[in-house]
Structures are given as C-alpha cells and as structure tokens.
1. For residues that are part of a loop (DSSP other than H, G, I, E, B), under 15 Å from Ile98 (Cα atoms) and over 14 Å from the mean Cα position of the chain (by Cα), tally how many sit in segment 13-51.
2. Counting only residues that are surrounded by fewer than 16 Cβ atoms within 10 Å (Cβ to Cβ) and farther than 24 Å from Ala133 by Cα, which one in segment 170-195 is nearest to the chain's Cα centre (by Cα)?
3. If I go through segment 83-98 residue by residue, how many of them are in contact (Cβ under 8 Å) with a residue 12 or more places away in the chain and either surrounded by fewer than 24 Cβ atoms within 10 Å (Cβ to Cβ) or among the hydrophobic types (A, V, I, L, M, F, W, C) (or both)?
4. Quick one: how many residues across segment 122-134 are surrounded by fewer than 24 Cβ atoms within 10 Å (Cβ to Cβ) and assigned to a helix (DSSP H, G or I)?
5. Give the residues of segment 159-169 that are hydrophobic (A, V, I, L, M, F, W, C) and surrounded by fewer than 19 Cβ atoms within 10 Å (Cβ to Cβ), sorted by residue number.
6. Checking the conditions here, which among Ala101, Ala106, Ala80 is closer than 19 Å to Asn40 by Cβ, in a helix (DSSP H, G or I) and in contact (Cβ under 8 Å) with a residue 60 or more places away in the chain?
Amino acid sequence: MGETITLNAEDGTEFTAYRATPSASPRGGLVVIQEVFGINHHIRSVADGFAAEGFDAIAPALFDRKEAGVELTYDADGLARGRALRTALGWDAPLRDIAAAIAAVAESGKVGVVGYCWGGSLAWLSATRLDIACSVAYYGGQINQFRGETPSCPTLLHFGETDAFIPPEHRQLVAEHHPDIPLHVYPAGHGFNCDARADYHADSARLARERTLAFLAEHVG
C-alpha cells in the first residue's frame, strides 16, 4: 500500500518518509510519528492501517538526519541505539521534519498527527508548536517535561497504567496542568499498541484505536 518518498525540511535537509495512500479520496492527512526504533515494519503497518481507514498517512524517517534507513529491533540493544539517536537529534530538528511531512499531505485536507513513544512526545510538541488540526499522543515519556506548553489544537492522550518508563505522578501532573485534554489510562504497560513488543495489550490497543479514529473523524474528516 505504501512507498518511500523523499522530502526536504525548511533548513534544506533531505530525508525519506513512508507514505501510504487510501484507495479512495482521502479524508485528510495524517502524520505518523515513529518510536525510537525507526520506520520499521510496525510503523509502516500503522501507516498502512490508517490509510485503510481513508487517511493519507505519512511517517517521516526522523533518524535520517543522523543515519539513513534505521530500523531497530525491540530489544535492549535497539532501545539503547534508538535513545542515543533521539538524544543526538534534540527536539527542533525532528519538528522541522514533521512540519515538512505535514506540508506533504496537506493537499489531502486537514492534517492531524499521531505519535508513539518518542513520537508521542513529538505529537505533543507538534500540537503546541505546529499548525495542525489535531494531535494524538500514545505514551509520550517526555510530555511531562513540556507540560507547561499548551496545545493550540484538539489533543488526545493515551497512557499505560503500568508503564515502567512513565511514572504515574507524571501522568497526574499533565492531567492537572491540562484538565480539559482527554487523557485515557489503560491496564497495560509501555508500548501497548505495538504487537511486536512484550507489553502489547490487544484490548487496550483496540480501545485506544477506536478512540483515536473517532477523534480523527471529528477533527480531520
């Protein structure tokens, strides 16, 4: 369903993205923001799934600025390497690439973002710093760090109750700072949406997806 394309950020950086387009006229655009494991099979399948729901889905390869073609496995080595790349990139550079991805699918209508893990934190920053129709963040570990920033678009948050990387008090602080933002907590750990991870929780993934699709239908199309 998808293909790899090349984009250019506003600073001139060239990078790739996986784009999956629907078979019929798109309902709108959707930027799928990766975990720290790169644009791997899981993220491509997520983009394909949103395309099957009618969205022009695009997943920018945010690690391309440091290393092209990164696809990491869900183990300790993959996590360590992904975190190192994430730290080396900082926050501004990935947001420039996300902005370019937003522009690439803007021809399809309103554009939302959905992000997972590291991408969940970037989805939050996209909501506070970029021009988008809505944002959905799955278990973003750094959202609490940026809780002082306020989204300028409708935003939806998903967290796992037993997430070993996100303390419950961090979720609580985010909720207290933004009481009007829907924040759902599921009986699951970190990465519960990913069927390649040990913390995959099918019921939570299904419910979060249903809520996400309803949210996107309301705010994107």
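1. So the answer is 1.
2. Asp195
3. Within segment 83-98, residues that are in contact (Cβ under 8 Å) with a residue 12 or more places away in the chain and either surrounded by fewer than 24 Cβ atoms within 10 Å (Cβ to Cβ) or among the hydrophobic types (A, V, I, L, M, F, W, C) (or both) number 10.
4. 2
5. Once the filter is applied, which keeps residues that are hydrophobic (A, V, I, L, M, F, W, C) and surrounded by fewer than 19 Cβ atoms within 10 Å (Cβ to Cβ), segment 159-169 yields Ala164, Phe165.
6. Just one listed residue meets the conditions, Ala101.
Conditions (1) within 14 Å of the chain's Cα centre (by Cα); (2) touching a residue at least 12 places away in the same chain (Cβ under 8 Å), marked per residue:
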| position | (1), (2) |
| --- | --- |
| Ala127 | yes, yes |
| Pro167 | no, no |
| Arg197 | no, yes |
| Leu207 | no, yes |
| Leu216 | yes, yes |
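No lab work stands behind these numbers, since they all come straight from the coordinates. This one's a predicted model, so the numbers in the text were calculated from it and none came from an experiment. When we count neighbours, we look across all protein chains shown, and the Cβ atoms used for this are built from the backbone with ideal geometry, even at glycine.
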